[in-house]
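Comments concern the structure below.
The values are calculated or read from the model by the stated rules, or taken from the named source; none is laboratory data. As the structure is a prediction and not an experimental result, all values here were calculated from the model. Because the Cβ atoms are built from the backbone with ideal geometry, glycine has one as well, and the counts that use them run over all protein chains shown.
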Amino acid sequence: MNKQLKSYRIYQRFLRNLLIINGCWYMPKKSGKSTYYWSVCVFLSMILYTMLSLHMSYIVRHNMRIMMKFVGIAISGIGATLKVLFSFTINRNSLINYHRMLNDLFEEALMQNEKIQTIIFSSLRKISTLAYTYFAFMTALIFTYSRSSYTYIIHNLFHFHLSTNYTLPLSKGFGWFWTVPDNFIHHLHMIYETGLITLSAMMACGVDCIFGLYVYQFSSTIHSMMFALTNPVSTEKFSDLLRTCAVKHQKLLQCRKTLEHVYGPIVFWHIVSNAVLLCGLMYDLTSLSVFNFDNIFSTIIYVAIKLFQTFIYAWYGTLLTNAGEDFRKGIYFSKWLNSNLDRHVRTNIILMMMQKPMTVNAVFSPIDIIMFTNVSIYYNTVQ
């Protein structure tokens, strides 16, 4: 249990650090003003990243294949801007309340007996592996975009020569709204563009994977409640246990509402944009005139990331829905019928049993594995 708890703390700290780097960490800190200013800097950087990509799309508009590539980068920039502003900045207070409420419920469940801890940690490995795999994909994408520029620089440094005769990773040297000087400022542009690509990639990784942490805490809390209902302790009065579960259930419903409010627009954006981007990327791959490592590997990695991004949201949503269904079954098969309960508690039980599954909707569609299937079918149909 100590090893599992340590793995959870590492996973939790890993995602928190990602959000801090991306300016999306919402919990108040001692350095509150600096955190706020950093969020503003990240937001402005993502706007510049999007504008730069759109400008590149306009410059290469006569080449459909290259234009679609930069349109995809621009769409990713718009998604990052939406995440840092409309979800994690505007909804900051809601997320703070959500975090405190759900985290307290989860930590309370962790303090119970070893059997409940075993249930809680049963899905930790799968959830954390998805997050680390996503991070590896994003790191590979950053490496692919920046490899040729840094390889050229390192090669010249070995010959004691620092040349500026290399292609910038994002703008290719001509995508800025001004001429990039052929001096030391050229290297600053290269470092800044690498930073923009890294911020955009880590933004997607952090925001998408923290949804998995929320779902893990949510489903683990539900499973711990279900176990307590179906395996009550003889020393505890069942009516008190059921009353406690009813209170927790109401708090979880509030958390689900906040989660849907924050992540509903984000998932909806990814459903639409990823379906379009996958078709554009496959067109890019099939119309390549020069098959080299950078072109093929960057396209394959980007396709894998978009499919993986859609899949993890769908899988997380299914995990949450299944946990809600399990909880309803746990109430049904628990011992509440044979216990002496007052009318208020019985009403809460009936309301919980009639409650719809704890699904999170992406505007009009529930977030589940069927969503991923629909995107794949659309993609195959267009192809």
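Assorted remarks:
- Summed over region 35-51, the residues that are surrounded by 18 or more Cβ atoms within 10 Å (Cβ to Cβ) and in contact (Cβ under 8 Å) with a residue 60 or more places away in the chain give a count of 4.
- Yes/no for VAL215 being farther than 17 Å from LYS329 by Cβ, outside any helix (DSSP H, G or I) and either in contact (Cβ under 8 Å) with a residue 12 or more places away in the chain or among the hydrophobic types (A, V, I, L, M, F, W, C) (or both): no
- Looking across region 62-74, the residues that are at pLDDT below 85 and not aromatic (Phe, Trp, Tyr) come down to HIS62, ASN63, MET64, ARG65, ILE66, MET67, MET68, LYS69, VAL71, GLY72, ILE73.
- Residue list for region 196-242, restricted to those being among the acidic types (Asp, Glu) and under 24 Å from VAL42 (Cα atoms): ASP208
- THR167 being of a type in the set (Val, Ile, Thr), over 30 Å from LYS257 (Cβ atoms) and free of Cβ contacts under 8 Å to residues at least 40 places away in the same chain: yes
- In the set SER273, SER224, only one residue is polar (S, T, N, Q) and either buried (at least 19 other Cβ atoms within 10 Å of the Cβ) or in contact with a Cys (Cβ under 6 Å, 6 or more places away or on another chain) (or both); that residue is SER224.
- Residue count for region 1-18, restricted to those that are outside any helix (DSSP H, G or I) and among the polar types (S, T, N, Q): 0.
- Selection within region 227-254: residues that are among the β-branched types (Val, Ile, Thr) and within 32 Å of the chain's Cα centre (by Cα). The member of this set that is surrounded by the most Cβ atoms within 10 Å (Cβ to Cβ) is THR244.
- Considering THR179, THR118, THR151, THR129, the condition of being among the hydroxyl-bearing types (Ser, Thr, Tyr), touching a residue at least 24 places away in the same chain (Cβ under 8 Å) and either assigned to a helix (DSSP H, G or I) or more than 17 Å from VAL215 (Cα to Cα) (or both) is satisfied by THR118 alone.
- One residue from ILE90, ILE75 being surrounded by fewer than 16 Cβ atoms within 10 Å (Cβ to Cβ), closer than 18 Å to ILE266 by Cα and within 18 Å of the chain's Cα centre (by Cα): ILE90
- Within region 85-115, considering residues that are acidic (Asp, Glu) and farther than 19 Å from ILE210 by Cβ, the one modelled with the lowest pLDDT: GLU114
- Taking region 52-67 as the range and being part of a helix (DSSP H, G or I) and either surrounded by fewer than 21 Cβ atoms within 10 Å (Cβ to Cβ) or under 18 Å from the mean Cα position of the chain (by Cα) (or both) as the test, the residues that pass are LEU54, HIS55, SER57, TYR58, ILE59, MET64, ARG65, ILE66, MET67.
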